[in-house]
Amino acid sequence: MRKDAPALKVFQRIKNQAKTNLNELCDFWNIYEKQLFFVSAIAIYDRYFIEQLSQNSKKSFYDRIVEYSYPVFIRQFYDTDFCKLPGIVHKPLKREQIERYAKLIYSCGIIGWMQSLIDNSAAGFYSCRTFLNYISVSFTERFHWNELIEDEYCDWYASMVAQFQADEYQKLDELLPGILEKLKTGIFVWNEHFLGYSNDLETEMFFNKHALLDAQQSVAWDMFPPDCKFGLNHYGDIVQSVVDFAGYAIKHVYCAHLLMQENAGLVIEDLLNVFFLKQDLTRLIGKNCNISDEAALSILQMASLRPDTIEYYANGNARSAPFVQISEHQYLRTIKGLLDEPFDFVLYNLRKSFPEAWDKNANQREATFRVQLYALFDDPRFDCVQHPVIIKEKNRTLTDIDAVVIDKATGEIALFQLKWQDPADYSPFALKSKRSNYNLATEKWLQTIEKWLRDSTNEEIASRLGIKVKYFNKEKVSIFVLGRRRGNYSGNKPYPYGCAWSQWYQIIHAASYLSQKDMLTISNLYELIVKTNPFNVKVVETPVTFCYGKYRIKFGGRTFYR
């Protein structure tokens, strides 16, 4: 950390200058001017997001700065006194005003970028060196890409789900021209600058179906079974509410673009904001989910940026909120918040607001994980133990084995430790803590299991697993540690145990591949998981240099091999 000090001072200096720029531009604003900027900036963020959806290339430097900016923007400009105002200041935007607001967002992005460098250095993930105006930022750990590689399996899973949905998407594509014609007849320019449109059941159902198909590809909401309760609501109703409003957001984007085509003089940012009265929003949520107004209000509170939920934005990787309370009785619906990983925000608030329910539901989801795992071994040759196997020594419980699969054809046995992690990607400190807890818990479990296998007789082990001793052979036992979202955190070396460490979507990928070739055995699965482990992947890291003022910041640039 001491060697990083000169570079960190530069980052802090850049950050302070960006803060000064912000203050010079907006320190004199009163609460209404601040509210106007906030509402307008949300529309600008929504426009940025919509533009990125059509980009096939990698994100530009400016795109990344915009991502860094959002938590800073919220911390800097969301005034909790907004919720005391009787209404909203909402005016049409001029081009020069948009440019000025975009500069403010850019300054927020520079602050967020510098803070990210500082935080990752403090967490021990980055090493920063400086020489004159040249700064080199590198990863401290040799295998620092593991999370990114495991995210690729999440992307593969999404693409696989999309393939199964192809017929449904084709039906929607065939209906789309008619839906667009119907939208054209219902949209209009309201108050010279804004978007208005009529609603009908056919278009609402069309876009709701679209949002549902999109959501089914995401892994972010896959945190609890639908029947788990948080306060007055089942988790399934919370997810449904987000999906419902995602459908409304998709429809709104189409309506805005159609109106722009017919009225070139309009400003797209003026068409994107939608405001709801609190009571109307609550009733709509309640009607869609067939729940009480009180339960609907609880869902709205979990999905909204309010004074009680702003602490989430202390984290540098915080995502957008689906809704924002913008006055005493009014809420702003955000397109980016509903279409760009909305569940991160909702899950954070669920855990904060219902800690006991969260812990209870987290304990229950192991059974769901086990059922889903066993579905991969859907063949009569496999026997799956339908309960955890408790390991004892002299009537003292040592640990348990979460799942056991027995291959009757080969005599092979798989022992699984299942870890369904809570979200932790919203800050480097949360990620580091989650990694540490995961490593300690799994290593302790492995030590216990290996000792039990080593010290116990075949008869004792077979009895504990519930199988006949003639079918048991210690040499044919394979051990798996299976994490729901993370199986291999980044580090300097592979885990020092004879075990297959896997992420859930990686093992789905491996089992699917082996099943297609009629080669799914426990030993083949073990070997494939070990072979494709992120620690065994070759990564060529191309350095990237960013320029900011007189400083040149080089990021990455090392190459590692297996």
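The values are calculated or read from the model by the stated rules, or taken from the named source; none is laboratory data. This is a predicted model, so every value here is computed, not measured. Here the Cβ is made from the backbone with ideal geometry for all residues, glycine too, and neighbour counts use every protein chain on show.
Scanning segment 503-562 for residues that are in a helix (DSSP H, G or I) and in contact with an Asp or Glu (Cβ under 6 Å, 6 or more places away or on another chain) turns up Ile522, Ser523.
If a residue has to be among the polar types (S, T, N, Q), assigned to a loop (DSSP other than H, G, I, E, B) and out of contact with any Lys or Arg (no Cβ under 8 Å at 6 or more places or on another chain) to count, how many in segment 491-502 make the cut?
Of all residues in segment 491-502, those among the polar types (S, T, N, Q) come to 492, 502.
This time we only want the ones that are assigned to a loop (DSSP other than H, G, I, E, B), so: 492.
From what's left, out of contact with any Lys or Arg (no Cβ under 8 Å at 6 or more places or on another chain): none.
Qualifying residue count, segment 491-502: 0.
Quick test for you: out of Ser427, Ser353, Ser433, pick the one residue that is surrounded by fewer than 16 Cβ atoms within 10 Å (Cβ to Cβ), more than 25 Å from Lys468 (Cβ to Cβ) and either under 31 Å from the mean Cα position of the chain (by Cα) or among the aliphatic types (A, V, I, L, M) (or both). Before the answer, list the steps.
Numbers: Ser427 fails: surrounded by fewer than 16 Cβ atoms within 10 Å (Cβ to Cβ); Ser353 fails: surrounded by fewer than 16 Cβ atoms within 10 Å (Cβ to Cβ).
Result of the check over Ser427, Ser353, Ser433: Ser433.
What residue, of Glu341, Glu294, is touching a residue at least 24 places away in the same chain (Cβ under 8 Å) and either in a helix (DSSP H, G or I) or assigned by TED's automatic domain parsing to the domain that holds Gly109 (or both)?
Numbers: Glu341 fails: either in a helix (DSSP H, G or I) or assigned by TED's automatic domain parsing to the domain that holds Gly109 (or both).
One residue alone meets the criteria, Glu294.
Within the set Gln417, Gln421, the sole residue that is under 30 Å from Gln516 (Cβ atoms) and in a strand (DSSP E or B) turns out to be Gln417.
Return yes when Asp46 is crowded, with 17+ Cβ neighbours inside 10 Å and either assigned by TED's automatic domain parsing to the domain that holds Ser116 or in a helix (DSSP H, G or I) (or both) and no when it is not. Spell out how you get there, then give the answer.
On the way: crowded, with 17+ Cβ neighbours inside 10 Å: yes; either assigned by TED's automatic domain parsing to the domain that holds Ser116 or in a helix (DSSP H, G or I) (or both): yes.
In short, yes.
In the set (1) surrounded by 13 or more Cβ atoms within 10 Å (Cβ to Cβ); (2) modelled with pLDDT under 95; (3) over 27 Å from Leu440 (Cα atoms), the condition left unmet by Pro534 is number (3). Taking Arg319, is it outside any helix (DSSP H, G or I) and either modelled with pLDDT under 95 or surrounded by 16 or more Cβ atoms within 10 Å (Cβ to Cβ) (or both)? Yes: the conditions hold for Arg319. Against the numbered list (1) buried (at least 20 other Cβ atoms within 10 Å of the Cβ); (2) assigned to a helix (DSSP H, G or I); (3) hydrophobic (A, V, I, L, M, F, W, C); (4) in contact (Cβ under 8 Å) with a residue 60 or more places away in the chain, Val324 comes up short only at (2).
Kindly indicate whether Glu150 is assigned to a helix (DSSP H, G or I), surrounded by 14 or more Cβ atoms within 10 Å (Cβ to Cβ) and among the acidic types (Asp, Glu). In short, yes.
Give me the residue from segment 8-56 that is among the small types (Gly, Ala, Ser) and touching a helix residue (DSSP H, G or I) at 6+ places or on another chain (Cβ under 8 Å) and, out of that set, nearest to Pro322 (Cα to Cα).
Among those residues, the one meeting the criterion is Ala43.
Filtering segment 364-386 to residues that are within 19 Å of Glu412 (Cβ to Cβ) and either assigned to a strand (DSSP E or B) or hydroxyl-bearing (Ser, Thr, Tyr) (or both) leaves Tyr374, Phe382, Asp383, Cys384, Val385.
Got at least one residue in segment 166-174 being of a type outside the set (A, V, I, L, M, F, W, C) and under 25 Å from Ala296 (Cβ atoms)? Among the residues of segment 166-174, not one is of a type outside the set (A, V, I, L, M, F, W, C) and under 25 Å from Ala296 (Cβ atoms), which makes the answer no. Listed conditions (1) part of a helix (DSSP H, G or I); (2) touching a residue at least 40 places away in the same chain (Cβ under 8 Å); (3) of a type outside the set (Asp, Glu) are all met by Leu440, apart from (2). Take Ile390 and tell me if it is among the β-branched types (Val, Ile, Thr), assigned by TED's automatic domain parsing to the domain that holds Leu520 and surrounded by 13 or more Cβ atoms within 10 Å (Cβ to Cβ). No, not satisfied.
I'd like the residue in segment 184-198 that is assigned to a loop (DSSP other than H, G, I, E, B) and in contact with a helix residue (DSSP H, G or I) (Cβ under 8 Å, 6 or more places away or on another chain) and, out of all such residues, is farthest from Glu262 (Cα to Cα).
Initially, segment 184-198 is screened for residues assigned to a loop (DSSP other than H, G, I, E, B), giving 191-193, 198.
Cutting the leftovers down to in contact with a helix residue (DSSP H, G or I) (Cβ under 8 Å, 6 or more places away or on another chain) gives us 193, 198.
On the way: His193: 13, Ser198: 17 Å.
The selected residue is Ser198.
Those residues that are free of Cβ contacts under 8 Å to residues at least 24 places away in the same chain and either hydrophobic (A, V, I, L, M, F, W, C) or surrounded by 14 or more Cβ atoms within 10 Å (Cβ to Cβ) (or both), I need them from segment 1-27; list them, please. Scanning segment 1-27 gives Ala5, Gln17.
The number of residues in segment 122-137 that are surrounded by 17 or more Cβ atoms within 10 Å (Cβ to Cβ), more than 23 Å from the chain's Cα centre (by Cα) and either of a type outside the set (Val, Ile, Thr) or assigned to a helix (DSSP H, G or I) (or both) comes to 3. With respect to the conditions (1) surrounded by fewer than 16 Cβ atoms within 10 Å (Cβ to Cβ); (2) hydrophobic (A, V, I, L, M, F, W, C); (3) touching a Leu at 6+ places or on another chain (Cβ under 9 Å), Ala409 falls short on a single one, namely (3).
Going by the structure shown, is Asn349 in contact with a Ser or Thr (Cβ under 8 Å, 6 or more places away or on another chain) and assigned to a loop (DSSP other than H, G, I, E, B)?
Numbers: in contact with a Ser or Thr (Cβ under 8 Å, 6 or more places away or on another chain): yes; assigned to a loop (DSSP other than H, G, I, E, B): no.
Here the answer is no, as Asn349 does not meet what is asked.
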